[in-house]
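The values are calculated or read from the model by the stated rules, or taken from the named source; none is laboratory data. Quick caveat, the model's predicted, so the values are computed rather than measured. Positions of Cβ are generated from backbone atoms using ideal geometry, with glycine treated the same way; all protein chains shown enter the neighbour counts.
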Amino acid sequence: MITLTLLHPLQSVPVQSWPFETESLIRIGRSTDNEVILYSAVVSRHHVELRRKGSEWEIVSLGANGTYIDGKRITQIPVVDGMIIRLASSGPKIQIRLEGETPKAKLKTALGKRVARSKDVDSSKETLVDAQSSETEDTN
C-alpha cells in the first residue's frame, strides 16, 4: 500500500491522507480525473504521476511549475519511503509512505491491478489548498 499525505504549508503536520492499495498509476493535479485533486493556483491540471514499476514506484513530474524534492526540481525519480515532494517551488507538500517499509527504503511489495474509476468525482479526493500559503507562479 502507498499513502499520500498532504502536509500543512507552515507546520508540516498532516492535513489529509489518501491510501492506495491496488493502483499502479496515481495522478495528482487540479483536474477532476486525477486520483488526488488539489485546488491550488500553482498546481497544474495534471501535475505529477506516481507509477508502479514492477515492485517499485517512480515519480514523474508533468507540471509547468515543476515538482521539487529538498528544493531541487525533478523530472523523474524513484520513490523513497517518507520522502516529501512539493508541487511547484512554493506549492503543496505531499509525503509519500510505503506500508511495511523502513524510512528511505524502496517499495518491494507488488500491488494488485488498478481499480476501475467511476466517472463521478469522489469528494474525499479533493482538497482546497489556500492560495495565500503559496507564492504566485504561472500555471499551464
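At a glance:
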{"item": "Filtered residue count, the stretch 21-36, keeping only those that are free of Cβ contacts under 8 Å to residues at least 24 places away in the same chain and of a type outside the set (D, E, K, R)", "result": "1"}
{"item": "Pairs, first exposed (fewer than 13 other Cβ atoms within 10 Å of the Cβ) in the stretch 67-81, second among the polar types (S, T, N, Q) and in a loop (DSSP other than H, G, I, E, B), C-beta under 9 Å, six or more apart", "result": "Gly71/Ser89"}
{"item": "Some residue of the stretch 93-106 being assigned to a loop (DSSP other than H, G, I, E, B) and modelled with pLDDT of 95 or more", "result": "no"}
{"item": "Selection count where residues are within 17 Å of Pro78 (Cα to Cα) and of a type outside the set (A, V, I, L, M, F, W, C), scope the stretch 24-46", "result": "2"}
